[in-house]
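Read the structure below first, then the notes.
The values are calculated or read from the model by the stated rules, or taken from the named source; none is laboratory data. For clarity, every value in this text was computed on a predicted model and none was experimentally measured. Using ideal geometry, Cβ is built from the backbone for each residue, glycine included, and neighbour counts are taken over all protein chains shown. The area values use the complete protein model at the heavy-atom level, side chains included, leaving out ligands, DNA and RNA. Shrake-Rupley method; radii C 1.70, N 1.55, O 1.52, S 1.80 Å.
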Amino acid sequence: MPELSNIQTYEKLNGADYQLILDRFKSVLQRLDLWNDEVKQAFDEFVWKVEDDGFVYSSITQLGHFKTKFSDILVRPLVMVYTPVIDKTNTDNWIACDLLIEAEKLRSFETGNYHKTTYDFVKALTLEMHKEFKQTGIYFTDEAQDGQDFDGFRNINKEKLWQFDYAIIPLTLEQTYSTPPLTHKIIRHNNYLEAWYIDRWKPNEK
């Protein structure tokens, strides 16, 4: 399997009331031109059924990769469900809405640097997600970082809170992210906070 990068956000559920979140993710995918018959069928077939291992095996996990309106780079939508059975530190049901991208399309494995086109592409996707999701941040992560931001946010773990290369964070979380580590920079815009890993995310050098 190729290494994947991920643009991800998390929403806490009121019980198992997931439909509003799926509808908002659908709106994102429609604006990105990622909505098609295959994706629609997966959304239509989503059923909330918690298995013995605590997972809800979403029909929105086996989708293909598709082009967006921003680039020929292919993107795969994904919905994951987290229940308290999976992690005892978690007392609620959560849904993660993700956009997966093959990492080799975004950065050089020889140098580790992002391609020049990556910065605008990732920011555009992240801002589209932010239009619909403002409960947690919209985080751009690699496979090593994946899920760490979620643990950091839920448990207010400062070491894990900043496990991302780039993020758009709602102003409601300004206090939570008020003291970035030396590895990260954060700036305030009118409607959101923008944060990034200084040594890896260098759009001004593109």
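Within segment 25-49, residues that are within 17 Å of A96 (Cα to Cα) sit with their Cβ atoms under 7 Å from residues that are among the aromatic types (F, W, Y), at 6+ positions apart or across chains, in these pairs: K26/W35; K26/F43; L29/W35; W48/Y18.
One line per residue, one yes/no per condition, for (1) among the polar types (S, T, N, Q); (2) under 21 Å from I168 (Cα atoms):
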{"residue": "K88", "(1), (2)": "no, no"}
{"residue": "W94", "(1), (2)": "no, yes"}
{"residue": "L106", "(1), (2)": "no, yes"}
{"residue": "F121", "(1), (2)": "no, yes"}
{"residue": "A124", "(1), (2)": "no, yes"}
{"residue": "E128", "(1), (2)": "no, yes"}
{"residue": "T136", "(1), (2)": "yes, yes"}
{"residue": "Y139", "(1), (2)": "no, yes"}
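The residue that is surrounded by the most Cβ atoms within 10 Å (Cβ to Cβ), among those in segment 164-180 that are assigned to a loop (DSSP other than H, G, I, E, B) and under 12 Å from the mean Cα position of the chain (by Cα), is F164. The set of residues in segment 181-206 that are under 19 Å from the mean Cα position of the chain (by Cα), over 19 Å from E128 (Cα atoms) and in contact (Cβ under 8 Å) with a residue 60 or more places away in the chain comprises R200, W201. Just one residue in the set Q30, Q19, Q8 is of a type in the set (S, T, N, Q) and buried (at least 20 other Cβ atoms within 10 Å of the Cβ); that residue is Q8. Take L161 and tell me if it is open to solvent by less than 50 Å² (accessible area, probe 1.4 Å), modelled with pLDDT under 95, under 17 Å from the mean Cα position of the chain (by Cα) and more than 16 Å from K12 (Cβ to Cβ). Considered against the rule, which asks whether it is open to solvent by less than 50 Å² (accessible area, probe 1.4 Å), modelled with pLDDT under 95, under 17 Å from the mean Cα position of the chain (by Cα) and more than 16 Å from K12 (Cβ to Cβ), L161 comes out as yes.
I'd like the full set of residues that are within 16 Å of the chain's Cα centre (by Cα) and under 19 Å from E45 (Cα atoms), limited to segment 1-35.
Going through segment 1-35, the residues within 16 Å of the chain's Cα centre (by Cα) turn out to be 3-12, 21-22, 24-29, 32, 34.
Correct list: I21, L22, R24, F25, K26, S27, V28, L29, L34.
Consider T111 against the criteria (1) surrounded by 19 or more Cβ atoms within 10 Å (Cβ to Cβ); (2) among the β-branched types (V, I, T); (3) out of contact with any Asp or Glu (no Cβ under 9 Å at 6 or more places or on another chain); (4) at pLDDT below 95: it satisfies all of them except one. Which criterion is unmet? T111 satisfies all of (1) surrounded by 19 or more Cβ atoms within 10 Å (Cβ to Cβ); (2) among the β-branched types (V, I, T); (3) out of contact with any Asp or Glu (no Cβ under 9 Å at 6 or more places or on another chain); (4) at pLDDT below 95 except (1).
Yes/no matrix, rows are residues, columns are (1) among the β-branched types (V, I, T); (2) in contact (Cβ under 8 Å) with a residue 12 or more places away in the chain; (3) surrounded by fewer than 21 Cβ atoms within 10 Å (Cβ to Cβ):
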position	(1), (2), (3)
V85	yes, yes, yes
T89	yes, yes, yes
L100	no, yes, yes
A103	no, yes, yes
H115	no, no, yes
Y119	no, yes, yes
V122	yes, yes, no
K131	no, yes, yes
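Can you find a residue that is in contact with a Ser or Thr (Cβ under 6 Å, 6 or more places away or on another chain), at negative phi and in contact (Cβ under 8 Å) with a residue 12 or more places away in the chain anywhere in segment 17-24? Can you show your working first?
Residues of segment 17-24 that are in contact with a Ser or Thr (Cβ under 6 Å, 6 or more places away or on another chain), as a first pass: none.
Scanning segment 17-24 turns up no residue that is in contact with a Ser or Thr (Cβ under 6 Å, 6 or more places away or on another chain), at negative phi and in contact (Cβ under 8 Å) with a residue 12 or more places away in the chain.
Looking at the structure I just gave you, is I60 surrounded by 18 or more Cβ atoms within 10 Å (Cβ to Cβ) and at pLDDT 90 or above? Spell out the reasoning first.
Values: surrounded by 18 or more Cβ atoms within 10 Å (Cβ to Cβ): yes; at pLDDT 90 or above: no.
Considered against the rule, which asks whether it is surrounded by 18 or more Cβ atoms within 10 Å (Cβ to Cβ) and at pLDDT 90 or above, I60 comes out as no.
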